[in-house]
Amino acid sequence: MDFVYGPGKNHLFVPGPVNIPEPVIRAMNRNNEDYRSPAIPALTKTLLEDVKKIFKTTSGTPFLIPTTGTGAWESALTNTLSPGDRIVSFLIGQFSLLWIDQQQRLNFRVDVIESEWGRGADLDALASKLEADRSHTIKAVCIVHNETATGVTNDLAAVRKLLDGYRHPALVLVDGVSSICAIDFRMDEWGVDVALTGSQKALSMPTGMGIVCASPKAMEAAKTAKSVRVFFDWNDYLKFYKLGTFWPYTPSIQLLYGLRTALDLLFEEGLDNVIARHSRLGKATRLAVEAWGLKNCTQREDWFSDTVTAVVVPPYINSADVVKRAWTRYNLSLGLGLNKVAGKVFRIGHLGNLNEAFHFNPCRLSGLRLNTVGTWD
Ligand SMILES: Cc1ncc(COP(=O)(O)O)c(C=O)c1O
């Protein structure tokens, strides 16, 4: 029998929003405060300093913006580029597609490098474009570090190596929405110019904060970038940074306290340990998928994602039915297949506030087999 809402606790295994740790929930359970009081600027100062650690940068300038990942994208693009600028962008799944759509709607000239969904960014194609671009008309390379729709992680160090190899000055703008705080990310070492994430992913907070970090080169580009920007203008933030009051508009007091606790938890565990935990959970999930006799949508091992696994179902099953059954029978939330892979894959999120015992819920199904009606025998 199906239920509208299955019995028992909900097991949230979509690849964001993710489970929020109790200490973060408690830290946010508070009244509003005057954000011009001395307390909020003092808190913000520590947040801006500490948030750099999740990007592994010492030279970056961070911005905490009331928005989601989509707004963080827009902030990265409009602050560093001008309409008509040529950019190269990789299309490997639904989120890179949506970012490209935004890039085109913001009037950039986008060279799209498309790969089959389940494959990573085509770096050979990037190499050809860089090789041909002697006059440096390409102003930026945009890449989604971890494509949440297909469970593919791209090699950012390789992108940097290519740009350096061709001595190409293009900015590197990276969507780290489903990687940062879970998958190894090194902004300074990899020469990333703008990195961004959203609070509801591996930071394990509620949705509503876009966290963007800009390299000195990106900050320089922002001085001449002509894209129209108002709400996302970094200059408005910088004015208030100088004043020591930090906020050009009203911040969410609750999210600021939530971020403080979320960062404290990550640092207490140790960022490298957090990344190692995600690597274990990713591997466990892939082993479970193998034990089910099912295939990973990700076509190559070096692209395997440690935050999300897209599982390919047999052709006689609609993956949306699997997701529906998981929800109605087990109160288990799995991710749907999106766009090109709709009906073909379901996604298991394994990021953020999770441990092996918690993760055991979807993985314990590893002893079972998916049957023809999309449930497990
Ligand atoms: C990789 C990636 N980028 C961007 C987004 C868009 O973020 P948001 O839904 O917070 O706007 C998502 C959302 O899942 C994502 O997974």
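The values are calculated or read from the model by the stated rules, or taken from the named source; none is laboratory data. Just so you know, these numbers come straight off a predicted model, no measurement behind them. Note: ideal-geometry Cβ built from the backbone for every residue, glycine included; neighbour counts use all protein chains shown. Remember, those area values only see protein heavy atoms, side chains included, never the ligands or the DNA or RNA. Shrake-Rupley method; radii C 1.70, N 1.55, O 1.52, S 1.80 Å.
Could you say which residue among Thr150, Thr197 is polar (S, T, N, Q), within 13 Å of the ligand (Cβ to nearest atom) and under 23 Å from Ala222 (Cβ atoms)? Steps first, answer last, please.
Numbers: Thr150 fails: under 23 Å from Ala222 (Cβ atoms).
Among Thr150, Thr197, only Thr197 is polar (S, T, N, Q), within 13 Å of the ligand (Cβ to nearest atom) and under 23 Å from Ala222 (Cβ atoms).
Checking Lys53 against (1) touching a residue at least 60 places away in the same chain (Cβ under 8 Å); (2) exposed (fewer than 13 other Cβ atoms within 10 Å of the Cβ); (3) under 22 Å from the mean Cα position of the chain (by Cα), which test does it fail?
(2)
Pairs only if they're at least six apart or on different chains, beta carbon under 9 angstrom, first in region 219-230 and free of Cβ contacts under 8 Å to residues at least 60 places away in the same chain and part of a helix (DSSP H, G or I), second open to solvent by 40 Å² or more (accessible area, probe 1.4 Å) and of a type outside the set (A, V, I, L, M); list them, first residue then second.
That search, which allows pairs on different chains as well, returns Lys223/Asn235.
Which is within 21 Å of Trp73 (Cβ to Cβ) and in contact with a Gly (Cβ under 6 Å, 6 or more places away or on another chain), of Val194, Val228, Val212, Val177?
That would be Val177, the only listed residue that is within 21 Å of Trp73 (Cβ to Cβ) and in contact with a Gly (Cβ under 6 Å, 6 or more places away or on another chain).
In this structure, does Thr207 turn out to be at pLDDT 95 or above and within 16 Å of the ligand (Cβ to nearest atom)?
Yes, satisfied.
Condition check ((1) among the β-branched types (Val, Ile, Thr); (2) touching a Ser or Thr at 6+ places or on another chain (Cβ under 6 Å)) across all residues:
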{"position": "Tyr249", "(1), (2)": "no, no"}
{"position": "Leu266", "(1), (2)": "no, no"}
{"position": "Asn273", "(1), (2)": "no, no"}
{"position": "Ala291", "(1), (2)": "no, yes"}
{"position": "Thr298", "(1), (2)": "yes, no"}
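Rundown of residues vs (1) more than 16 Å from Cys363 (Cα to Cα); (2) crowded, with 17+ Cβ neighbours inside 10 Å, yes/no style:
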| position | (1), (2) |
| --- | --- |
| Ala225 | yes, yes |
| Asp236 | yes, no |
| Leu243 | yes, no |
| Leu281 | no, yes |
| Thr309 | no, yes |
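Name, by its number, the condition in (1) in contact with a Phe, Trp or Tyr (Cβ under 7 Å, 6 or more places away or on another chain); (2) touching a residue at least 60 places away in the same chain (Cβ under 8 Å) that does not hold for Asp85.
(2) is the only condition that Asp85 fails.
Looking at Leu256 and the list (1) assigned to a strand (DSSP E or B); (2) touching a helix residue (DSSP H, G or I) at 6+ places or on another chain (Cβ under 7 Å), which single condition is not satisfied?
Result: Leu256 fails condition (1) only.
Conditions (1) away from the ligand (no atom under 15 Å from the Cβ); (2) open to solvent by 30 Å² or more (accessible area, probe 1.4 Å), marked per residue:
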| position | (1), (2) |
| --- | --- |
| Ser96 | no, no |
| Leu106 | yes, yes |
| Arg109 | yes, yes |
| Ser115 | yes, no |
| Gly118 | yes, no |
| Asp122 | yes, yes |
| Lys129 | yes, yes |
| Ala132 | yes, yes |
| Ile138 | yes, no |
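Is it true that some residue in region 64-85 is polar (S, T, N, Q), within 16 Å of the ligand (Cβ to nearest atom), over 30 Å from Pro206 (Cβ atoms) and in the same structural domain as Lys239 (by TED's automatic domain parsing)?
Of the residues in region 64-85, the ones polar (S, T, N, Q) are 67-68, 70, 75, 78-80, 82.
Okay, now just the ones that are also within 16 Å of the ligand (Cβ to nearest atom), so 67-68, 70, 75, 78.
In the following step, the residues that additionally are over 30 Å from Pro206 (Cβ atoms) were identified as none.
No, region 64-85 contains no residue that is polar (S, T, N, Q), within 16 Å of the ligand (Cβ to nearest atom), over 30 Å from Pro206 (Cβ atoms) and in the same structural domain as Lys239 (by TED's automatic domain parsing).
Residues that are aliphatic (A, V, I, L, M) and within 22 Å of the chain's Cα centre (by Cα): does region 291-301 have at least one? Lay out the reasoning, then the answer.
Initially, region 291-301 is screened for residues aliphatic (A, V, I, L, M), giving 291, 294.
Next, from what is left, pick out any that are within 22 Å of the chain's Cα centre (by Cα): none.
Taking every residue of region 291-301 in turn, none turns out to be aliphatic (A, V, I, L, M) and within 22 Å of the chain's Cα centre (by Cα).
So, in region 183-194, how many residues would count as being within 16 Å of the ligand (Cβ to nearest atom) and open to solvent by less than 10 Å² (accessible area, probe 1.4 Å)?
Selection size over region 183-194: 3.
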